[in-house]
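Asker: Dropping a structure here in structure tokens format, bear with me for questions.
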Amino acid sequence: MDNALKSARQQLAGLLEATQRFVDIASPTLEPLLFDDEAVVESLTALARRGPRTRIRLLIANDQPGAFENHRLVGLAQRLTTAMSLRVLEHHPEWQHQTMIISDRNYGILVTPTEKRHRILDNPLIASRWADTFERLWQAGAESLELRQFY
């Protein structure tokens, strides 16, 4: 596993454990080395069980079913339909297809695939700006008709 992704996955575990209500994930392919992991699924499941006001949103760039049919997060979305939503957004001027994980609008992680590194968003003001960006991306996205059978 790439060292940057390994480090990002360790940071992700801590971020998800600390999340109280909301997690927003934008990832073009739901980066398997980062998200297709049992610990991530367990953390998101625990978050969803915290109460009816929890929310988990996944935004992807491509909804080709073959790429996701065995992905653990898509399987989790099938089981947690109340707490978890999935949308697709192929292109948007504000999204350079980096992976972003935003927790409670206050903290996050950015993974830039071309630079093979990640950045921790530990300043709530900066994380909030990224959360606003995610919100615009989410609103521009659409429900996936292709993945509906899996989700």
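Asker: All but one of (1) surrounded by 15 or more Cβ atoms within 10 Å (Cβ to Cβ); (2) out of contact with any Lys or Arg (no Cβ under 6 Å at 6 or more places or on another chain); (3) in a helix (DSSP H, G or I) hold for Leu34; state the number of the condition that does not hold.
Answerer: (2)
Asker: Within the stretch 46-56, identify whether any single residue is at pLDDT below 80 and outside any strand (DSSP E or B), and answer yes or no. Write out each step before concluding.
Answerer: Here is the first cut: in the stretch 46-56, the ones at pLDDT below 80 are none.
Looking through the stretch 46-56, none of the residues is at pLDDT below 80 and outside any strand (DSSP E or B).
Asker: Return the residue satisfying two criteria in turn: it lies in the stretch 41-64 and is touching a helix residue (DSSP H, G or I) at 6+ places or on another chain (Cβ under 6 Å) and more than 24 Å from Arg119 (Cα to Cα), and of such residues it is surrounded by the most Cβ atoms within 10 Å (Cβ to Cβ).
Answerer: Among them, the one singled out is Asp63.
Asker: Among the residues of the stretch 107-118, are any polar (S, T, N, Q) and surrounded by 13 or more Cβ atoms within 10 Å (Cβ to Cβ)?
Answerer: yes
Asker: Here are some conditions: (1) under 19 Å from Pro113 (Cα atoms); (2) surrounded by 21 or more Cβ atoms within 10 Å (Cβ to Cβ); (3) in contact with a strand residue (DSSP E or B) (Cβ under 7 Å, 6 or more places away or on another chain). Met84 meets all but one. Which one does it not meet?
Answerer: (1)
The values are calculated or read from the model by the stated rules, or taken from the named source; none is laboratory data. For clarity, every value in this text was computed on a predicted model and none was experimentally measured. For neighbour counting, all protein chains shown are included, and Cβ atoms are generated from backbone atoms with ideal geometry for every residue, glycine included.
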